[in-house]
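Everything on this sheet refers to the single structure shown next.
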Amino acid sequence: MLTRYFRSPSANKGVTLLEIMLVLAIAAMVIVMSIRYYRTASNSQNANAILSLVQAISASAEKLHQGLSSYADVTTAQVARDVTGSATGSLSTPYGATVTISNTSATSYTVNLGSSIPTAVCSTITSQLASNAQITISSDCSSYVYTSNQ
């Protein structure tokens, strides 16, 4: 009579609640790690895009500076044409902010990058540009000042 209340091990064909919870926990960990990796990769890619833009602007401004002998005559439109290769080109960050050049003088200029740069990306940009004595970047990465050594 006792055998009637107990099933044999071969009769268990379903999945237990514990097994389902274990699978869900593993899936949740994989999803969380994927999201973290995506954010890190996305921030790194955006920081590299902004750094490339900073280098392109600096190279273009230097080229224009040599022809004009002063940064005072360098305009956003001239740099945008030079960087993009398009007569009607404009410069923008990966976050959609329009990049402008202002406060030009004989030896320096200011580049406005917009205020939409996230803190994680800003810290990467700041650390990469720290070794360049000619560039002084604002604490929120919204702008930087380039000063010539000449």
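The numbers here are math on the coordinates, done by the rules we state, and not lab data. This one's a predicted model, so the numbers in the text were calculated from it and none came from an experiment. Glycine gets a Cβ as well: all are built from the backbone with ideal geometry, and neighbour counts include every protein chain shown.
Tell me the residue from 49, 80, 56 that is surrounded by 13 or more Cβ atoms within 10 Å (Cβ to Cβ), touching a Pro at 6+ places or on another chain (Cβ under 6 Å), assigned to a helix (DSSP H, G or I) and of a type in the set (Gly, Ala, Ser), please. Step through it out loud before you land on a result.
Working: 80 fails: touching a Pro at 6+ places or on another chain (Cβ under 6 Å); 56 fails: touching a Pro at 6+ places or on another chain (Cβ under 6 Å).
Result of the check over 49, 80, 56: 49.
So which residues in segment 130-144 are under 14 Å from the mean Cα position of the chain (by Cα) and closer than 12 Å to residue 50 by Cα? Write out each step before concluding.
Our first condition is that a residue be under 14 Å from the mean Cα position of the chain (by Cα); within segment 130-144, this holds for 140-142.
Within segment 130-144, 141, 142 meet the criteria.
Scan segment 103-150 residue by residue and report those that are part of a strand (DSSP E or B) and in contact with a helix residue (DSSP H, G or I) (Cβ under 8 Å, 6 or more places away or on another chain). Before you say what the answer is, go through the steps one by one.
Narrowing segment 103-150 to residues part of a strand (DSSP E or B): 108-112, 135-137, 143-147.
Within segment 103-150, 108, 109, 111, 135, 137, 144, 146 meet the criteria.
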